[in-house]
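The values are calculated or read from the model by the stated rules, or taken from the named source; none is laboratory data. This structure is a prediction, so every number in the text was calculated from the model and none was measured. Glycine also receives a Cβ, built like all others from the backbone with ideal geometry; neighbour counts cover every protein chain displayed.
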Amino acid sequence: MFLCLSLLALSFGYNGGGGAAYAAPSFAKGADISWVSGMEASGYKWKDKNGVQRDILDILKTDYQMNSVRIRVWVNPNMNDFMNGYMNAEKAAELALRAKNKGMSVMLTLHYSDSWADPGKQNKPYAWRNFTFQQLMDAVYSHTVYVMNTMKNKGVTPDWVQIGNETNNGMLWEDGKASVNMKNYAWLVNTGHNAVKSISSSTKTIVHLSNGYDNELFKWNIGGLISNGANFDMIGMSLYPEAGDWSAKVDQTVANANDMVARYGKSIMISEIGMDYNQAAASKSFIQSIKTKIRSMAGGKGVGVFYWEPEATPGYNGGYNKGAWQADGKPTIALEGFKD
(Lines give C-alpha, C1' and ligand atoms only; values in the text may rest on other atoms or scores of the structure.)
Protein backbone atom coordinates (compact mmCIF):
# COMPACT_ATOMS: atom_id res chain seq x y z
CA MET A 1 0.00 0.00 0.00
CA PHE A 2 2.77 2.42 0.89
CA LEU A 3 4.52 1.91 -2.42
CA CYS A 4 1.28 2.36 -4.33
CA LEU A 5 0.67 5.66 -2.57
CA SER A 6 4.19 6.78 -3.45
CA LEU A 7 3.76 5.89 -7.12
CA LEU A 8 0.35 7.53 -7.36
CA ALA A 9 1.72 10.67 -5.80
CA LEU A 10 4.40 11.01 -8.43
CA SER A 11 1.71 11.11 -11.08
CA PHE A 12 -1.13 12.90 -9.34
CA GLY A 13 0.39 14.91 -6.46
CA TYR A 14 -1.51 13.06 -3.72
CA ASN A 15 -1.91 15.39 -0.79
CA GLY A 16 -3.26 12.99 1.82
CA GLY A 17 -5.81 13.72 4.51
CA GLY A 18 -5.64 13.92 8.25
CA GLY A 19 -5.88 16.73 10.72
CA ALA A 20 -4.78 20.28 10.28
CA ALA A 21 -1.70 21.70 11.98
CA TYR A 22 -2.22 24.53 14.42
CA ALA A 23 -1.45 27.92 12.94
CA ALA A 24 2.20 28.55 12.19
CA PRO A 25 3.64 31.97 12.97
CA SER A 26 3.77 34.42 10.11
CA PHE A 27 7.55 34.40 10.55
CA ALA A 28 9.30 31.71 12.57
CA LYS A 29 12.10 32.74 14.91
CA GLY A 30 13.40 29.61 16.49
CA ALA A 31 16.05 27.24 17.73
CA ASP A 32 16.94 23.61 17.27
CA ILE A 33 16.70 22.31 20.85
CA SER A 34 17.21 18.58 20.26
CA TRP A 35 19.99 18.30 22.84
CA VAL A 36 17.90 19.81 25.65
CA SER A 37 16.45 16.59 27.08
CA GLY A 38 19.79 14.82 27.22
CA MET A 39 21.51 17.86 28.69
CA GLU A 40 18.87 18.17 31.39
CA ALA A 41 19.14 14.46 32.22
CA SER A 42 22.88 14.87 32.73
CA GLY A 43 22.40 17.84 35.07
CA TYR A 44 22.70 20.87 32.79
CA LYS A 45 20.83 23.98 33.88
CA TRP A 46 20.62 27.36 32.20
CA LYS A 47 20.65 30.91 33.51
CA ASP A 48 19.39 34.03 31.84
CA LYS A 49 21.60 37.05 31.24
CA ASN A 50 20.92 38.22 34.81
CA GLY A 51 22.16 34.94 36.23
CA VAL A 52 18.71 33.65 37.20
CA GLN A 53 18.22 29.91 36.62
CA ARG A 54 15.15 29.28 34.42
CA ASP A 55 13.65 26.80 31.98
CA ILE A 56 15.65 27.07 28.75
CA LEU A 57 12.45 27.26 26.69
CA ASP A 58 11.17 30.15 28.78
CA ILE A 59 14.43 31.99 28.22
CA LEU A 60 14.33 31.44 24.47
CA LYS A 61 10.70 32.50 24.19
CA THR A 62 10.50 35.37 26.65
CA ASP A 63 13.98 36.88 26.51
CA TYR A 64 14.71 36.36 22.80
CA GLN A 65 11.18 36.39 21.30
CA MET A 66 11.49 32.91 19.78
CA ASN A 67 8.18 31.40 18.72
CA SER A 68 9.32 28.04 17.33
CA VAL A 69 11.55 25.04 17.98
CA ARG A 70 13.19 22.46 15.74
CA ILE A 71 13.66 18.85 16.88
CA ARG A 72 15.44 16.01 15.05
CA VAL A 73 14.57 12.32 15.01
CA TRP A 74 16.84 9.41 14.16
CA VAL A 75 15.48 5.97 13.28
CA ASN A 76 17.21 3.80 15.90
CA PRO A 77 19.66 5.96 17.87
CA ASN A 78 22.21 4.23 20.05
CA MET A 79 20.70 4.52 23.51
CA ASN A 80 24.13 3.88 25.04
CA ASP A 81 25.29 7.17 23.52
CA PHE A 82 23.93 9.35 26.28
CA MET A 83 24.31 12.69 24.55
CA ASN A 84 22.61 11.59 21.33
CA GLY A 85 20.48 8.63 22.41
CA TYR A 86 17.52 10.94 22.99
CA MET A 87 16.96 11.48 19.26
CA ASN A 88 14.05 9.05 19.00
CA ALA A 89 10.41 9.72 18.20
CA GLU A 90 9.12 9.40 21.77
CA LYS A 91 11.67 11.79 23.29
CA ALA A 92 11.17 14.20 20.41
CA ALA A 93 7.42 14.18 20.99
CA GLU A 94 7.85 14.86 24.71
CA LEU A 95 10.09 17.82 23.96
CA ALA A 96 7.72 19.04 21.25
CA LEU A 97 4.83 18.95 23.73
CA ARG A 98 6.83 21.06 26.18
CA ALA A 99 7.31 23.65 23.45
CA LYS A 100 3.69 23.53 22.31
CA ASN A 101 2.51 24.03 25.89
CA LYS A 102 4.52 27.25 25.91
CA GLY A 103 2.80 28.40 22.73
CA MET A 104 5.66 27.55 20.38
CA SER A 105 5.45 25.95 16.94
CA VAL A 106 7.40 22.83 16.01
CA MET A 107 9.62 21.84 13.11
CA LEU A 108 10.38 18.11 12.91
CA THR A 109 13.62 17.08 11.19
CA LEU A 110 13.73 13.47 9.96
CA HIS A 111 17.30 12.28 9.43
CA TYR A 112 16.37 8.81 8.05
CA SER A 113 19.49 7.44 9.71
CA ASP A 114 20.49 6.00 13.08
CA SER A 115 22.87 8.94 13.59
CA TRP A 116 23.83 12.25 12.00
CA ALA A 117 22.79 12.81 8.41
CA ASP A 118 24.55 15.70 6.68
CA PRO A 119 26.33 16.47 3.39
CA GLY A 120 29.19 14.08 4.20
CA LYS A 121 27.12 11.11 5.36
CA GLN A 122 23.63 9.87 4.63
CA ASN A 123 23.89 6.36 6.00
CA LYS A 124 20.90 4.04 5.93
CA PRO A 125 19.56 2.85 9.27
CA TYR A 126 21.13 -0.48 10.16
CA ALA A 127 17.77 -2.24 10.00
CA TRP A 128 17.24 -0.97 6.43
CA ARG A 129 20.72 -1.74 5.11
CA ASN A 130 19.73 -4.69 2.87
CA PHE A 131 16.38 -3.39 1.65
CA THR A 132 15.45 -3.21 -2.00
CA PHE A 133 14.53 0.26 -3.17
CA GLN A 134 10.83 -0.58 -2.94
CA GLN A 135 11.33 -1.78 0.63
CA LEU A 136 13.30 1.40 1.35
CA MET A 137 10.42 3.58 0.18
CA ASP A 138 8.02 1.55 2.30
CA ALA A 139 10.32 2.02 5.30
CA VAL A 140 10.53 5.78 4.75
CA TYR A 141 6.76 5.98 4.53
CA SER A 142 6.04 3.84 7.59
CA HIS A 143 8.75 5.50 9.72
CA THR A 144 7.48 8.97 8.81
CA VAL A 145 3.90 8.00 9.66
CA TYR A 146 5.11 6.48 12.93
CA VAL A 147 6.93 9.66 13.98
CA MET A 148 4.02 11.87 12.95
CA ASN A 149 1.57 9.69 14.88
CA THR A 150 3.88 9.65 17.92
CA MET A 151 3.74 13.44 17.85
CA LYS A 152 -0.03 13.42 17.24
CA ASN A 153 -0.60 11.07 20.18
CA LYS A 154 1.12 13.65 22.41
CA GLY A 155 -1.16 16.34 21.04
CA VAL A 156 1.43 17.91 18.72
CA THR A 157 1.11 18.47 14.99
CA PRO A 158 4.36 19.88 13.54
CA ASP A 159 3.95 22.96 11.39
CA TRP A 160 6.93 21.90 9.28
CA VAL A 161 8.68 18.59 8.59
CA GLN A 162 12.05 18.27 6.91
CA ILE A 163 12.27 15.27 4.61
CA GLY A 164 15.91 14.55 5.35
CA ASN A 165 18.64 16.79 6.68
CA GLU A 166 21.19 18.67 4.56
CA THR A 167 20.59 16.35 1.61
CA ASN A 168 23.10 18.09 -0.66
CA ASN A 169 23.75 14.80 -2.46
CA GLY A 170 20.50 13.07 -1.63
CA MET A 171 19.85 10.64 1.22
CA LEU A 172 19.85 6.96 2.14
CA TRP A 173 23.02 6.27 0.20
CA GLU A 174 23.73 4.64 -2.16
CA ASP A 175 20.14 4.15 -3.41
CA GLY A 176 19.12 7.77 -2.89
CA LYS A 177 22.44 9.46 -3.76
CA ALA A 178 21.45 12.35 -6.00
CA SER A 179 24.63 12.34 -8.09
CA VAL A 180 24.05 8.67 -8.91
CA ASN A 181 20.25 8.53 -9.20
CA MET A 182 18.34 11.79 -8.92
CA LYS A 183 15.06 10.00 -9.66
CA ASN A 184 15.47 7.73 -6.63
CA TYR A 185 16.18 10.77 -4.47
CA ALA A 186 13.05 12.44 -5.81
CA TRP A 187 10.94 9.37 -5.10
CA LEU A 188 12.24 9.19 -1.53
CA VAL A 189 11.40 12.86 -1.00
CA ASN A 190 7.94 12.21 -2.43
CA THR A 191 7.44 9.21 -0.16
CA GLY A 192 8.29 11.24 2.95
CA HIS A 193 6.15 14.14 1.77
CA ASN A 194 3.15 11.88 1.17
CA ALA A 195 3.54 10.22 4.56
CA VAL A 196 3.51 13.59 6.31
CA LYS A 197 0.45 14.73 4.37
CA SER A 198 -1.40 11.50 5.19
CA ILE A 199 -1.33 12.52 8.85
CA SER A 200 -1.55 16.32 8.51
CA SER A 201 -2.40 17.80 5.13
CA SER A 202 -1.55 21.33 6.27
CA THR A 203 1.93 20.56 7.61
CA LYS A 204 4.56 21.99 5.26
CA THR A 205 7.36 19.75 4.02
CA ILE A 206 10.91 21.02 3.53
CA VAL A 207 13.90 19.88 1.48
CA HIS A 208 16.96 21.17 3.34
CA LEU A 209 20.46 21.74 1.96
CA SER A 210 23.56 23.21 3.58
CA ASN A 211 25.61 26.17 2.30
CA GLY A 212 22.69 28.46 1.58
CA TYR A 213 24.97 30.77 -0.38
CA ASP A 214 25.76 28.08 -3.02
CA ASN A 215 23.37 28.82 -5.87
CA GLU A 216 24.82 26.16 -8.18
CA LEU A 217 24.22 23.45 -5.57
CA PHE A 218 20.62 24.52 -5.08
CA LYS A 219 19.87 24.76 -8.79
CA TRP A 220 21.27 21.26 -9.33
CA ASN A 221 19.59 19.65 -6.34
CA ILE A 222 16.22 21.42 -6.15
CA GLY A 223 15.95 21.66 -9.91
CA GLY A 224 16.78 17.98 -10.22
CA LEU A 225 14.13 17.03 -7.68
CA ILE A 226 11.45 19.07 -9.41
CA SER A 227 12.34 17.80 -12.88
CA ASN A 228 11.97 14.27 -11.50
CA GLY A 229 8.51 14.90 -10.11
CA ALA A 230 9.23 15.48 -6.42
CA ASN A 231 6.57 17.15 -4.30
CA PHE A 232 7.54 19.32 -1.33
CA ASP A 233 6.48 22.70 -0.02
CA MET A 234 9.55 24.67 1.04
CA ILE A 235 13.31 24.93 0.59
CA GLY A 236 15.46 24.90 3.72
CA MET A 237 18.97 26.34 3.98
CA SER A 238 21.84 26.19 6.47
CA LEU A 239 24.37 28.97 6.95
CA TYR A 240 27.40 28.87 9.27
CA PRO A 241 29.59 31.85 8.39
CA GLU A 242 32.66 33.21 10.15
CA ALA A 243 32.93 36.55 11.89
CA GLY A 244 34.85 37.95 8.93
CA ASP A 245 32.52 36.91 6.12
CA TRP A 246 29.00 36.77 7.54
CA SER A 247 27.79 39.90 5.76
CA ALA A 248 28.81 38.67 2.32
CA LYS A 249 27.46 35.18 3.02
CA VAL A 250 24.10 36.62 4.11
CA ASP A 251 23.85 38.62 0.90
CA GLN A 252 24.73 35.55 -1.18
CA THR A 253 22.20 33.43 0.70
CA VAL A 254 19.43 35.98 0.28
CA ALA A 255 20.24 36.25 -3.43
CA ASN A 256 20.07 32.46 -3.70
CA ALA A 257 16.79 32.44 -1.79
CA ASN A 258 15.28 34.98 -4.16
CA ASP A 259 16.51 32.96 -7.13
CA MET A 260 14.89 29.79 -5.73
CA VAL A 261 11.59 31.65 -5.37
CA ALA A 262 11.83 32.99 -8.91
CA ARG A 263 12.71 29.58 -10.39
CA TYR A 264 10.51 27.25 -8.37
CA GLY A 265 7.98 29.35 -6.44
CA LYS A 266 8.92 27.74 -3.11
CA SER A 267 9.02 29.54 0.23
CA ILE A 268 12.39 29.69 2.01
CA MET A 269 13.17 28.54 5.55
CA ILE A 270 16.59 29.17 7.06
CA SER A 271 16.64 25.90 9.01
CA GLU A 272 20.04 26.29 10.64
CA ILE A 273 22.39 29.12 11.48
CA GLY A 274 25.27 29.38 13.92
CA MET A 275 28.55 31.08 14.71
CA ASP A 276 31.29 30.48 17.27
CA TYR A 277 30.26 31.48 20.80
CA ASN A 278 33.48 33.52 21.08
CA GLN A 279 32.23 35.75 18.26
CA ALA A 280 29.02 36.76 20.01
CA ALA A 281 28.92 40.37 18.83
CA ALA A 282 29.38 39.36 15.20
CA SER A 283 26.85 36.58 15.68
CA LYS A 284 24.26 39.03 17.00
CA SER A 285 24.75 41.24 13.92
CA PHE A 286 24.61 38.19 11.65
CA ILE A 287 21.34 36.98 13.18
CA GLN A 288 19.77 40.43 12.99
CA SER A 289 20.79 40.78 9.35
CA ILE A 290 19.60 37.41 8.06
CA LYS A 291 16.37 37.62 10.07
CA THR A 292 15.56 41.06 8.64
CA LYS A 293 16.46 40.20 5.05
CA ILE A 294 14.67 36.86 4.94
CA ARG A 295 11.55 38.32 6.54
CA SER A 296 11.63 41.15 3.97
CA MET A 297 11.57 38.84 0.94
CA ALA A 298 8.89 39.75 -1.58
CA GLY A 299 5.53 38.03 -1.26
CA GLY A 300 6.26 36.76 2.23
CA LYS A 301 8.35 33.95 0.77
CA GLY A 302 10.91 34.12 3.57
CA VAL A 303 9.21 32.21 6.38
CA GLY A 304 11.72 31.84 9.21
CA VAL A 305 15.18 31.51 10.75
CA PHE A 306 16.35 28.87 13.27
CA TYR A 307 19.55 28.89 15.34
CA TRP A 308 21.09 25.44 15.76
CA GLU A 309 21.37 24.28 19.39
CA PRO A 310 21.96 27.67 21.05
CA GLU A 311 21.71 26.02 24.49
CA ALA A 312 24.97 24.14 23.88
CA THR A 313 27.78 25.24 26.19
CA PRO A 314 31.36 25.53 24.88
CA GLY A 315 32.76 22.19 23.74
CA TYR A 316 29.55 20.23 24.27
CA ASN A 317 29.32 16.74 22.76
CA GLY A 318 32.88 16.39 21.62
CA GLY A 319 33.69 19.99 20.81
CA TYR A 320 30.67 21.88 19.47
CA ASN A 321 31.40 25.60 19.88
CA LYS A 322 28.64 27.33 17.93
CA GLY A 323 26.12 27.49 20.77
CA ALA A 324 25.07 30.73 22.45
CA TRP A 325 25.60 29.86 26.11
CA GLN A 326 28.77 30.26 28.13
CA ALA A 327 30.42 27.84 30.53
CA ASP A 328 29.02 29.84 33.48
CA GLY A 329 25.48 28.95 32.39
CA LYS A 330 24.63 32.45 31.11
CA PRO A 331 23.94 33.34 27.46
CA THR A 332 26.16 35.35 25.18
CA ILE A 333 24.66 38.40 23.48
CA ALA A 334 24.25 36.52 20.18
CA LEU A 335 20.55 35.72 20.47
CA GLU A 336 19.75 39.39 21.04
CA GLY A 337 19.73 39.47 17.24
CA PHE A 338 16.37 37.69 17.21
CA LYS A 339 14.66 40.48 19.12
CA ASP A 340 12.58 43.04 17.24
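Just a few scattered comments:
- The number of residues in segment 42-90 that are touching a residue at least 40 places away in the same chain (Cβ under 8 Å), of a type in the set (S, T, N, Q), surrounded by fewer than 20 Cβ atoms within 10 Å (Cβ to Cβ) and in contact with a strand residue (DSSP E or B) (Cβ under 7 Å, 6 or more places away or on another chain) comes to 2.
- A single member of K322, K301 is out of contact with any Leu (no Cβ under 6 Å at 6 or more places or on another chain) and closer than 16 Å to D245 by Cα, and it is K322.
- Condition check for E336: of a type outside the set (G, A, S), in a loop (DSSP other than H, G, I, E, B) and at pLDDT 95 or above: no
- Hits in segment 92-124 (condition: in a strand (DSSP E or B) and surrounded by 19 or more Cβ atoms within 10 Å (Cβ to Cβ)): S105, V106, M107, L108, T109, L110
- Count of segment 141-187 residues, restricted to those that are free of Cβ contacts under 8 Å to residues at least 40 places away in the same chain and among the small types (G, A, S), is 1.
- Residue tally, condition among the aromatic types (F, W, Y), closer than 26 Å to E272 by Cα and surrounded by 17 or more Cβ atoms within 10 Å (Cβ to Cβ), over segment 125-160: 2
- Pick from segment 234-250, criterion of a type outside the set (A, V, I, L, M, F, W, C) and more than 11 Å from D214 (Cα to Cα), ranking: surrounded by the fewest Cβ atoms within 10 Å (Cβ to Cβ): G244
- Close pairs from segment 96-113: first farther than 10 Å from V147 by Cβ, partner of a type in the set (F, W, Y) and assigned to a loop (DSSP other than H, G, I, E, B), Cβ under 9 Å, at least 6 apart: K100/Y22; S105/Y22; H111/W74; Y112/W74; S113/W74
- The residues listed here are T191, T144, T205; of these, the one that is among the β-branched types (V, I, T) and more than 15 Å from the chain's Cα centre (by Cα) is T191.
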